[in-house]
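*Asks:* The following block contains the structure, expressed as structure tokens.
The values are calculated or read from the model by the stated rules, or taken from the named source; none is laboratory data. As the structure is a computational prediction, the values presented were derived from the model and not from experiment. When we count neighbours, we look across all protein chains shown, and the Cβ atoms used for this are built from the backbone with ideal geometry, even at glycine.
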Amino acid sequence: MATAVVQHERENYLNQGSGVRSWLLTVDHKRIALLYLASITFFFFIGGFFALLIRLELLTPAGDLVQADTYNKLFTMHGQVMIFFFLIPSIPAVLGNFLIPLMIGAKDLAFPRINLLSWYLYIIAGIMYLHCLLTGGVDTGWTFYTPFSSVFSNTKVIEAGLAIFVAGFSSILTGLNFVVTIHRMRAPGMTWSRLPLFVWSHYATSIIQLLGTPVLAITLVLVVFERAFHLGIFDPRVGGDPLLFQHLFWFYSHPAVYIMILPAMGVVSEIVPCFSRKRVFGYEFVAMASIGIAVIGFLVWAHHMFVAGISLYSALVFSLLSYLVAVPSAIKVFNWTATMYKGSITFSTPMLYAFGFIGLFTMGGLTGLFLACLGIDPHVHDTYFIIAHFHYIMVGGAVMGYLGGMHFWWPKISGRLYPESWGRLAALIVFLGFNLTFFPQFILGYLGMPRRYWQYPPEFQVLNVLSTAGSTILAVGYILPMVYFLWSMRYGRIAPDNPWGAAGLEWKTSSPPPTFNFEEPPVVTWEAYNYEHIPAPEEVSVER
Amino acid sequence: MSDSPIAVEHAEGLQHHFSNMEQQRDAASLGMWVFLATEIMFFGGMFCAYLIYRYWYFNEFAAGSRSLDIWLGTINTAVLICSSLTVALGVRAAQMGKRKLLVMLLLFTLVFGFAFLGIKGVEWYDKYKEHHIPGAQFNADDLVRDYPQIHIDQRHEQIYFSLYFAMTGLHALHMIIGIGIFAYLTFFAWRGRYTGGYYNPVEIGGLYWHFVDIVWIYLFPLLYLIDRKPLR
Amino acid sequence: MFDNFPLWPVQGSAGAAGVDALYVFLVALSAFMSAAIFTMILVFAVKYRRQKGVEAEQIEGSRELEITWSVIPLGIFLFIFAWGAFIYFKERTPPHTATEVYVVAKQWMWKLQHEEGQREINELHVPVGRDVKLIMTSQDVIHSFYVPAFRVKQDVLPGRYTNLWFHATRAGTYHLFCSQYCGTQHSGMIGQVVVMEPAQYEAWLSGGTPGGAVSLAASGKTLFAELGCTTCHRSDTQGRGPNLEGVFGKPVMLEDGRVVSADENYIRESILTPAAKVVKGFKPIMPVFQGLVSDEQLNALVAFVKSLSQPQPGQGTSQAAAQEQKVQ
Amino acid sequence: MSEHILPAKLYYGIWITLLVLTVVTAAVAFVDLGPLNTVVALVIATFKAVLVVLFFMHVKYTSEKMTKVVLISAGFWLLILLALSLADYATRLWT
């Protein structure tokens, strides 16, 4: 990666030092972001490969492609890889890492060495997980429900649990670094009300990472203790309550959904104003909605447990609270839409992804209302309805946001432009493939097909075939950007410093930025998204 | 945020990406506080389990608590409080630039730390001898015998001891990490790194140590003092 | 209309239509909201596409609009919540008159036993038009009893009972799924619920076992005697244990001052770990039966203890009893 | 954080208080106060923790608002975890 940009004359973070050492021992947040980029892409394709195998198995009602145990391991490891090794680090560790110091006018994150340590922890966790995967894998479902995980499963639960424990610490340290950086490293004049919404949403994300992840960590440790040392904390044989595990697990794992979606919302909040040439509508409401989601998101976890055997009364409380968290999400969608009103809109690739995000997130959010609803959830819980819902949020939302962000900031990251028409084509393919894959699953779920089924009654086949067909299209849509991004590193046109005519400090430095981000330490005297003062780039409209 | 231009000449210990020492120190101390917040949630998961099972199985918790050695528990609490004192005085010594005093206080802290772990080890060994370690060997017949007034279910007794070992074990792990940090600090304090105005590491290392002390301040009554009143 | 391509499963229970109505409402609401947002995005994207010489109009935001689009959705959400809570409440409160079936789940099968004593595996026969309550427990991991046609689902936990009830309205054979992942053959832990017309059901009931099955309560009674429970739990006030007649469903004053309701879980716990909740005025001398009785035997004992609170089995009297409870 | 150096006497005073409270809490546990035993033990523990936080950890003297914000949020989140989990357990037996 480092060698691709040698022609550049200007000094930048990519050509300052080369060789393996200069990368593996770097404390530059931008290089660490690229380390993350490479590693999460690797895990994304592993998780994606598992997904394809799952979809292929489900092409026919009989369990004919793989064994039942293999299938159980596939969906377990698909979930764990995608959540802990791709989605949670995705936008924060790549784009957040790269951009937050640039956006607030800092030379680096507050703790560059801890940042590198985060990546090493992630890699250690990744190697531990790969080791677990190669020596037999784990079959508990990504949720590790006890007592199956603590007593009955005879797969590598301890290994997987410890890997995720370590990955959790990587995530905690990233969050810690962001919080301190946003508090302490802002450039003169960069007040809280001038912070880009991307930074606000990462601040909210970090709060969740910091206060939620440790609870997952201790929960997994207790499961490991149960398996390794025969402690009995969740074990019903000694009077333990398996639901206690679920409470502790979802205390983290529900807010973890917001760890995945909030950064994507941040990305969309940057892209929509830029390609509408407008200040974002209701800045402070969008910013506060992020914080609101982070806080209220911690009050709703037991809506995952409506049929698990919790008390009727706490189910009522949690359902009510779950509806409260939908309000800030709705506020965001309305504000993005309103931002486009009377704008000057172009349909560049990032904007297409932002459209896709808003649409799919809206559908994911609305179907969330079904699941928070005590009347519907008992029917659709643990069916494909849930699968469809959270893929609309996590893939339709978070991954769309991630890809949109990658396209938006790729010129800044690499110093090169990607081929715009290929970009638009890929965005379209992803959108269509996604809907074909996951929309049928809503219907499947309401018809009653349970999740995690290796074989299923034949009447569900038609919809499953559609879904599998969609997944192959989706796969193409994901491989394409990978190809042309790599291609553009060598052959892409040289990117100007601000190809989109975007507001934001990151566009005021060169592309790619120098090692210490700015030639001159910036002093901010303007509000965020001051698009009235930034000329629109001619290029983009001309190309169309 | 300081408006002062970037310090060209690097003060000792100032990293390149900070504008000045004040910013660096504020960042480090905020970082440690935020980390301690995550630690509260880490132990919080266990406190949550503790709370629920104590509410369900109070008898077994009471009996288990009685079987712990209150003398060793109290002494250990005192040992940790003493170590917190030496840490606080150590930070003060660093602030005043007194190298020898700092090194001595840090060494005292280490001694107290090891003393705590040693006493904890004795307690654990007692549990081992009494077959109070959860698992196949677990046996609480002695508790049934010793406290005939309390109705004990041996299975539920295991939950108490599981939590006892999980909580004290993870606390001890934090102590071990703390001892590692303080060994490091002692070495560089001896080299004189922290007595020239830059004592930030001592300060934030101290924050961590005090936190581990506070966890114990709660563990002591929650594990040892559940029910000590005379049995009827 | 959708015979070949249904959008929801058969409505096989009294509750199904209510769930579907709420579902249709939510689908309509979602469709409307999505359509509104998609249309706005499309219209804005076309109408305000970049044109030469036309600048974007800078708009700061609008507090009124923000409040509007926070409060209106919140109102709608609260309405959905209330509607859903209403359904859930009904779905989670089994009628006292319901026929009871005991369910024991294990990797990877369902074992069911009717009050009348009939045993079934992976199959549940129920009559049309009667309330049926399932009292469920698991021998190993968590399972979940799911009948899509009835729109009901409940996790089945080891170590305690959970309940589920339905009122089948249409004869037919419906899927029974385990919906909580439970290991290798999770997808094989399926079965069927056979809903029969009452007459056929009676025929099935009597035809199953030659000579007729022994009712669950009766086998519980035998077991109760065999295990020696009768020595202490006597039908007068002289026993060393409480008299169990009429206990079920009533509040019980405990030795430590707490008051608990004597439900299935309480009876279960009192058999397995008697010392946990001792009735006021009694000593904790009862032996522990944890590990000594199987889940099926436990069910029989519970059914027996419950039968002591129902003077005469029969529709009329138990309805009267339910009425009485409501009055209380 | 704060530059100013606290007098050593203060630290010794806090130390003595903490030791005394440790002995007190252990002794009180042997007195039958009914349900108040737990309350007393927790109040003493919290008081001790507050002393450590305020004086040994200098929170009383710091000019930094964030320290307090972080502490309060952590306490608040712990409360969420405990209160909402307990909400389930406490109401399971309700009918």
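*Asks:* Taking segment A:490-513 only, how many residues are buried (at least 17 other Cβ atoms within 10 Å of the Cβ) and either assigned to a loop (DSSP other than H, G, I, E, B) or touching a Lys or Arg at 6+ places or on another chain (Cβ under 8 Å) (or both)?
*Replies:* Of the residues in segment A:490-513, 16 are buried (at least 17 other Cβ atoms within 10 Å of the Cβ) and either assigned to a loop (DSSP other than H, G, I, E, B) or touching a Lys or Arg at 6+ places or on another chain (Cβ under 8 Å) (or both).
*Asks:* Still on this structure: Considering only segment A:189-205, state which residues are surrounded by fewer than 24 Cβ atoms within 10 Å (Cβ to Cβ) and part of a helix (DSSP H, G or I).
*Replies:* A:Trp192, A:Ser193, A:Arg194
*Asks:* Here's another thing I want to ask about it. State which residue is surrounded by the most Cβ atoms within 10 Å (Cβ to Cβ) when the search covers only segment C:248-263 and only residues that are more than 12 Å from chain D (Cβ to nearest Cβ) and in contact with a strand residue (DSSP E or B) (Cβ under 9 Å, 6 or more places away or on another chain).
*Replies:* C:Glu255
One line per residue, one yes/no per condition, for (1) among the charged types (D, E, K, R); (2) over 17 Å from A:Met340 (Cα atoms):
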| position | (1), (2) |
| --- | --- |
| C:Ala16 | no, yes |
| C:Ala28 | no, yes |
| C:Ala31 | no, yes |
| C:Arg50 | yes, no |
| C:Ala56 | no, no |
| C:Leu65 | no, no |
| C:Trp69 | no, no |
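*Asks:* Taking A:Thr213 as the residue in question, decide whether it is within 21 Å of B:His174 (Cβ to Cβ) and either part of a helix (DSSP H, G or I) or in contact (Cβ under 8 Å) with a residue 60 or more places away in the chain (or both).
*Replies:* yes
*Asks:* Still on this model: Would you tally the residues in segment B:12-57 being surrounded by fewer than 20 Cβ atoms within 10 Å (Cβ to Cβ), more than 9 Å from chain A (Cβ to nearest Cβ) and either polar (S, T, N, Q) or free of Cβ contacts under 8 Å to residues at least 60 places away in the same chain (or both)?
*Replies:* Qualifying residue count, segment B:12-57: 5.
*Asks:* Of all residues in segment A:375-407, which are within 13 Å of chain C (Cβ to nearest Cβ), in a helix (DSSP H, G or I) and among the hydrophobic types (A, V, I, L, M, F, W, C)?
*Replies:* Matches in segment A:375-407: A:Val380, A:Phe385, A:Ile386, A:Ile387, A:Ala388.
Here is a yes/no grid of residues against (1) more than 8 Å from chain B (Cβ to nearest Cβ); (2) in a loop (DSSP other than H, G, I, E, B); (3) hydrophobic (A, V, I, L, M, F, W, C); (4) closer than 21 Å to B:Ile214 by Cα:
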{"position": "D:Thr17", "(1), (2), (3), (4)": "yes, no, no, yes"}
{"position": "D:Leu42", "(1), (2), (3), (4)": "no, no, yes, yes"}
{"position": "D:Ala45", "(1), (2), (3), (4)": "no, no, yes, yes"}
{"position": "D:Val50", "(1), (2), (3), (4)": "yes, no, yes, yes"}
{"position": "D:Val69", "(1), (2), (3), (4)": "yes, no, yes, yes"}
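*Asks:* How many of the residues making up segment B:195-232 are over 13 Å from the mean Cα position of the chain (by Cα), in a helix (DSSP H, G or I) and of a type outside the set (S, T, N, Q)?
*Replies:* The qualifying residues number 8.
*Asks:* Give the residue that is farthest from A:Ala475 (Cα to Cα), with candidates limited to residues of segment A:61-82 that are of a type in the set (Val, Ile, Thr) and out of contact with any helix residue (DSSP H, G or I) (no Cβ under 7 Å at 6 or more places or on another chain).
*Replies:* Ranking the qualifying residues of segment A:61-82, first place goes to A:Thr70.
*Asks:* Still on this structure: Out of the residues in segment C:33-76 meeting the condition of being within 7 Å of chain A (Cβ to nearest Cβ) and of a type in the set (Lys, Arg), tell me which one is surrounded by the most Cβ atoms within 10 Å (Cβ to Cβ).
*Replies:* Among those that are within 7 Å of chain A (Cβ to nearest Cβ) and of a type in the set (Lys, Arg), it is C:Arg50.
*Asks:* Could you figure out which of (1) surrounded by fewer than 24 Cβ atoms within 10 Å (Cβ to Cβ); (2) hydrophobic (A, V, I, L, M, F, W, C); (3) in a helix (DSSP H, G or I); (4) touching a residue at least 60 places away in the same chain (Cβ under 8 Å) isn't true of A:Ile127?
*Replies:* Single failed check for A:Ile127: (4).
*Asks:* Okay, next question. Could you grab me the full set of residues in segment C:99-129 that are acidic (Asp, Glu) and modelled with pLDDT under 90? Can you show your working first?
*Replies:* Taking segment C:99-129 first, the residues acidic (Asp, Glu) are C:100, C:115-116, C:120, C:123.
Of everything in segment C:99-129, those that are acidic (Asp, Glu) and modelled with pLDDT under 90 turn out to be C:Glu115, C:Glu116.
*Asks:* Something else about it: Among the candidates A:Leu211, A:Leu244, A:Leu220, A:Leu195, which residue alone is closer than 20 Å to D:Val70 by Cα and either modelled with pLDDT of 95 or more or among the polar types (S, T, N, Q) (or both)?
*Replies:* From the options A:Leu211, A:Leu244, A:Leu220, A:Leu195, the qualifying one is A:Leu211.
*Asks:* Take the residues in segment C:166-188 that are assigned to a loop (DSSP other than H, G, I, E, B) and at the interface with chain A (Cβ under 10 Å from one of its Cβ atoms), then tell me which one is surrounded by the most Cβ atoms within 10 Å (Cβ to Cβ).
*Replies:* C:Gln180
*Asks:* Kindly indicate the residue of segment A:226-240 that is aliphatic (A, V, I, L, M) and within 8 Å of another protein chain (Cβ to nearest Cβ) and also nearest to B:Pro134 (Cα to Cα) among those meeting that condition.
*Replies:* Filtering segment A:226-240 for residues that are aliphatic (A, V, I, L, M) and within 8 Å of another protein chain (Cβ to nearest Cβ), the one nearest to B:Pro134 (Cα to Cα) comes out as A:Leu231.
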